[in-house]
Amino acid sequence: MVCMSRVWKPSVFAARLRRRVWPCKLAGFPVQHYSTKTAPHIPGMEYQDAICTLNTLQTNASSLEQVRRERSHPELQLQAMRGFLERAGLTVKELDHLNIIHVTGTKGKGSTCAFTEQILRGYGFRTGFYSSPHLVQVRERIRINGQPIGKDLFTKYFWQVYGRLDETKEAHDGTMPAYFRFLTILAFHVFLQEKVDLAVIEVGIGGAFDCTNIIRRPWVCGISSLGIDHTQILGDTIEKIAWQKGGIFKPGVPAFTVKQSGEAMDVLRNRAKEISCPLWVCPDFEDYQANCGPLKLGLAGQHQRSNASLALQLSHTWLQKRCQPGEKFLSTSFETSSIPEATSFTPSPIMKKGLADTEWPGRNQMIKHGTITYFLDGAHTMRSIQACVNWFKEIAAQHEMNTSGPVARILLFNATGERDCAAMLKLLMPCHFDFAVFCPNITETITACNADQQNFNVSVEHMLTRCLDNERSWRLHNSTGNISGTPQLIEDSLSLILEEKADTLVFPCILSALQWITQGRDPVLVNPFKKVMPLKPSVMAKAAPLFDAAEIHVLITGSLHLVGGALKHLVPESSK
């Protein structure tokens with residue numbers, strides 16, 4: 001049990017923080033978003049007020065300066081995290097009681113966590129699950145028994161943690177934790193208060209210096225598939241990235257990895273040796289099926305098989321420690337040049353059911369609305385995009401065999417950060433799309449934005465410029481004609497004017513893109529309250545082939561934030 005260290009006086013706290021509304025413009029229409037200064041959890045303060053205050057930590061000047069300082073001294077990151085944790089009324093020692101499963105990786109770590117949590121929940125344990133990013137609402141990141149914590153619970157715990165940090169900031173040069181750090185602290189607080197039996201913790205970025213790595217004594221650690229991503233933070237080679245990921249290893253704590261490249265395996269083995277961590281590589285998924293027959297996975301895609309194998313080893317090891325606490329795990333030998341393979345076993349009926357029942361929205365997800373089928377996958381690395389392509393080509397072909405007429409294939413794409421969008425788009429070419437549509441990760445431009453999906457770290461101008469670059473890259477890959485005369489689509493800084501361009505279009509927001517793609521054929525999107533800016537006749541005329549199609553297949557990929565914005569519109573209950 002974590003107790004408040006002092007009596008909190010809302011009146012004093014509220015006097016320092018005030019709610020303000022800032023106008024902004026996009027596509028010529030006014031949009032409102034709430035600023036950083038919001039009152040505490042006193043009567044009248046609701047979930048959205050907490051989220052608006054949380055968003056202030058994205059652009060907190062001192063936090064940004066702190067991140068810049070720590071980049072050159074990454075060891076300071078964990079030191080700072082411990083300080084914030086203590087200011088919030090928690091200690092690292094308390095985290096030892098959460099019986100943590102800690103998982104990192106480049107691709108598949110979220111799916112691995114989802115499989116693991118589902119399996120252990122099936123045994124009747126009360127589970128906590130911390131993941132990132134969220135798709136529609138921030139509270140998705142913090143789950144109890146597989147469900148995002150309720151708005152009331154989020155609001156209650158948010159103000160407890162935020163209040164403590166705010167009251168102590170004057171004594172610490174006015175510093176507050178950045179967005180992800182705060183949510184990590186909040187998750188720990190929630191799991192302790194809600195007395196979970198175990199917590200599955202997904203690393204944010206990297207491992208060694210990720211803020212989740214203040215965990216001292218996890219029960220078991222896992223590493224999913226490694227690849228090149230976040231190179232500015234983790235390094236630009238697989239060896240550097242593997243070194244960072246192996247930073248979650250702890251002395252004497254069993255750890256498992258899926259099969260990696262030879263270079264990555266060597267680094268992981270050396271990291272395990274220097275930390276004195278017993279490490280095993282997971283067996284092939286087929287090995288578990290020798291005595292029990294085929295295992296069904298709730299998540300689509302061949303790549304999920306390695307994630308499932310890792311989840312089986314993590315859950316099996318956790319159960320051994322829970323149910324046989326006196327058992328000692330054998331240390332692996334580091335005298336050989338290879339990591340030993342973990343022993344496969346026959347999954348229990350509960351494990352089999354857990355694998356089959358696992359759901360993880362936004363990853364190889366399919367939604368069918370009448371004649372429109374959406375294929376959503378938040379792939380955002382080269383390897384995950386290739387896996388997405390393999391999945392889409394297979395499943396779309398299966399659906400097209402059963403249609404009575406022509407099918408239009410549409411790509412809706414956006415990617416963020418330092419990723420090589422041109423290379424990612426090249427991988428998508430074999431899907432043979434009839435249209436490629438690009439938009440920023442902005443849910444809609446006319447109505448007030450959902451605070452859960454606001455990102456103040458990237459300007460609207462930057463997002464729109466990135467879309468134009470992506471559109472140009474796609475046309476270069478297609479070589480559909482002279483592109484030297486590409487008109488500028490951004491007018492008055494924030495307005496986007498659409499022009500006809502071969503088989504590509506750029507839209508100012510996710511909703512306008514979806515409404516153009518579906519042309520009124522998706523009843524969920526036909527809503528009088530969901531209005532977007534009027535389109536030019538030339539843009540509307542370009543949709544003629546969509547009217548002739550018996551069905552429309554839409555692949556939405558490149559960014560989990562893009563997928564989340566689409567889900568907000570396609571599954572309205574997800575934002576309630």
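The values are calculated or read from the model by the stated rules, or taken from the named source; none is laboratory data. These figures come from a predicted structure and were not determined experimentally. Methodologically, a virtual Cβ is constructed for each residue, glycine included, from the backbone with ideal geometry; neighbour enumeration extends over all protein chains shown. Please note that ligands, DNA and RNA were not included when accessible areas were found on the heavy atoms of the full protein model with its side chains. Shrake-Rupley method; radii C 1.70, N 1.55, O 1.52, S 1.80 Å.
Give me the percent relative contact order of region 340-422, please, defined on Cα pairs under 8 angstrom at least 6 residues apart.
Over region 340-422, the number comes to 17 percent.
If you filter region 366-470 for GluC sites (Glu not before Pro), then keep DSSP loop positions with at most 11 other Cβ within 10 Å, what is left?
GLU418
Just to verify a number: what accessible area does PHE547 come out at with the full protein assembly present, 1.4 Å probe, Å² rounded to tens?
My reading of the accessible area for PHE547 is about 120 Å².
Eigenvalues of the Cα gyration tensor times 5, then square-rooted: what semi-axes does that give for region 287-441, in whole angstrom, largest first?
Equivalent-ellipsoid dimensions as semi-axes: 38, 21, 14 Å.
Please compute the Cα-Cα pair-distance distribution of region 255-304 with 5 Å bins starting at 0, giving whole percents from short to long.
Taking all Cα pairs of region 255-304, the binned fractions are 4, 16, 21, 19, 14, 12, 11, 3 percent.
Which aspartates and glutamates have a Cα lying under 15 Å from the Cα of LYS568, excluding residues fewer than 8 positions away in the same chain?
Partners within reach: GLU140, ASP377, GLU444, ASP452, ASP522.
For region 192-295, taking Cα atoms only, what is the radius of gyration to one decimal and the Dmax to the nearest whole Å?
15.1, 46
So, by mean Cβ neighbours within 10 angstrom, what's the order for 117-125, 149-157 with the highest one leading?
Peptide ranking by packing, descending: 117-125, 149-157.
Out of residues 5 or more away from GLY222 or on other chains, whose amide H comes under 5 Å of its own, with H placed 1.01 Å from N in the peptide plane?
HIS102, VAL103, THR104, PHE256
What list of whole percents do you get for P(r) of region 97-245, with Cα-Cα distances grouped in 10 Å bins up to the one holding the largest distance?
Calculated over all Cα pairs of region 97-245, the distribution is 11, 39, 34, 15, 1 percent.
Under 15 Å from the 7 Å Cα→Cβ point of ASP357, by amide nitrogen: which residues of region 280-299?
Label zone hits: 296-299.
For each pair in LYS353/LYS576; LYS151/LYS353; LYS107/LYS259; LYS195/LYS353, compute the distance between the two Cα atoms and list the pairs where it is over 23 Å.
LYS353/LYS576; LYS151/LYS353; LYS195/LYS353
Beyond 25 Å, what percent of the Cα pairs of region 217-368 remain?
So the portion of pairs separated by more than 25 Å is 34 percent.
Computed on alpha carbon atoms, what radius of gyration and Dmax characterise region 359-417, expressed in Å?
12.4, 41
Over the Cα atoms of region 390-435, compute the convex hull volume and normalise it per residue, giving Å³.
About 78 Å³ per residue, rounded to a whole number.
With a 10 Å radius around each residue's Cβ, average the other Cβ atoms per peptide and rank 556-562, 251-257, 462-468, 90-96, highest first.
The densest-packed peptide leads the list: 556-562, 251-257, 462-468, 90-96.
Over the Cα atoms of region 202-254, what radius of gyration and what Dmax do you get, in Å?
Values for region 202-254 (Cα only, Rg and Dmax): 10.9, 31 Å.
Based on the mean of other Cβ atoms within 10 Å per residue, sort peptides 197-208, 296-307 so the most packed one is first.
Order by mean packing, descending: 197-208, 296-307.
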